[in-house]
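The values are calculated or read from the model by the stated rules, or taken from the named source; none is laboratory data. Small disclaimer: the values here were computed from a predicted structure and weren't measured. Methodologically, a virtual Cβ is constructed for each residue, glycine included, from the backbone with ideal geometry; neighbour enumeration extends over all protein chains shown. Heads up: the accessible areas ignore ligands, DNA and RNA and are worked out on the full protein's heavy atoms, side chains in. Shrake-Rupley method; radii C 1.70, N 1.55, O 1.52, S 1.80 Å.
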Amino acid sequence: MIPMQKISCVSIPAFQDNYFWLLSDGHAAAVVDPGDAAPVEAYLQAHGLQLSAILLTHHHRDHVGGVADLLRTRNIPVYGPAGEAIEHLTEALAGGTQIELAAPAISFTVMDVPGHTRGHIAYFLAADGAQAPRVFCGDTMFASGCGRLFEGTPAQMLASLDALSALPGATRVHCAHEYTLSNIRFARAAEPHNEALKVWEVEAQRLRAAAIPTVPTTLAHELQVNPFLRSGVAQVQADLAQSLGLPAAELAGDRLKTFTAMRAWKDRF
Ligand code: ZN
Ligand code: FE
């Protein structure tokens, strides 16, 4: 029997605040959302890894900009959303599809998570023995925040966040940006009474002061401190109405209205 291979997952920092995620078995590697080839090539070289697959969540340049250069010296599959026009895609994916990589040996379930862009997808990696479940969600959910609605509606984004929220609580949330501290500033304004958020603010500040990534967090953690996952909480609805100078009845009991108002406030925060 072949022993189960240990898969490692690291973040490669790039640009101002992007993370490219790299999964590897110690020999072969897959990279998620390589917006730039150079830091990926440097990592592969430093660790003696062969790149075997590229996974893309959506079409924005900071997520796909390195693909052409990475393909210059290798012929490997490029997975990405069927619903978006992306150059060099070889495997167009729709929600519900299972994909199996041979090396590193990983299987993903594709999720449709529109909102930030029209065709945005996420990759869910189920728990496997000692491995925690992981989701690579691009610019849909961030630590204590969510992506801007460039192409989708609030209802689409809320449904996408609901789908992500239904994953196991232990799921590591591998978002694509280090936006955590600014997201927390907004979250604290949106939820001034959230005690878990106060604790997380201190912890996140400590991590960033030490130049340590705040991500991945876990889904169970996000459900406690991410106001965009909490639009159904009565206290959140009441606090938001008060912050925006609306009558409490305006948002009470209405998740979509609450989410929509919260996202619009964040856009101008
Ligand atoms: Zn984006
Ligand atoms: Fe991005």
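See the values below:
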item	result
Candidate residues Val10, Val199: accessible-area rank, largest first, probe 1.4 Å	Val199, Val10
Cut-off under 5 Å, modelled amide H: who pairs with Gly83 long-range	none
222 nm mean residue ellipticity, helices alone, for the chain (DSSP H n ≥ 4; -39,500 (n - 2.57); rounded to 500)	-9500 deg cm²/dmol
For Arg268, net neighbour charge (Lys/Arg +1, Asp/Glu -1) across residues whose Cβ lies under 14 Å away	+3
Values of log10 I(q)/I(0), in the order q = 0.10, 0.11, 0.16 Å⁻¹, for the chain under a Debye, Cα-only, solvent-free model	-0.50, -0.61, -1.21
Ala46 versus Asn75: modelled label distance in nm, points set 7 Å from Cα along the beta carbon direction	3.1 nm
Surface accessible to a 1.4 Å probe, Asp254 within the full protein complex, Å²	50 Å²
FRET efficiency for Ala94 and Ala68, using Cβ-Cβ distance with R0 set to 22 Å, rounded to 0.05	0.35
Order of exposure, largest accessible area first, which applies to Lys6, Lys266, Lys257, Lys198 with probe 1.4 Å	Lys6, Lys257, Lys198, Lys266
Surface accessible to a 1.4 Å probe, Arg255 within the full protein complex, Å²	90 Å²
Accessible area per residue in Å² at 1.4 Å probe, computed on the chain	44 Å²
FRET efficiency for Thr153 and Asp17, using Cβ-Cβ distance with R0 set to 30 Å, rounded to 0.05	0.70
Sulfur and carbon atoms: percent of accessible area, region 8-230 [1.4 Å]	53 percent
Accessible area in the full protein assembly, largest first, 1.4 Å probe, for Ile12, Ile212	Ile212, Ile12
Efficiency of FRET from Cβ geometry, Leu244 and Thr109, R₀ 41 Å, rounded to 0.05	0.65
Percent RCO, i.e. relative contact order, over the chain, from Cα pairs under 8 Å lying at least 6 residues apart	13 percent
Computed accessible area, Met141, all protein chains, 1.4 angstrom probe, square angstrom	0 Å²
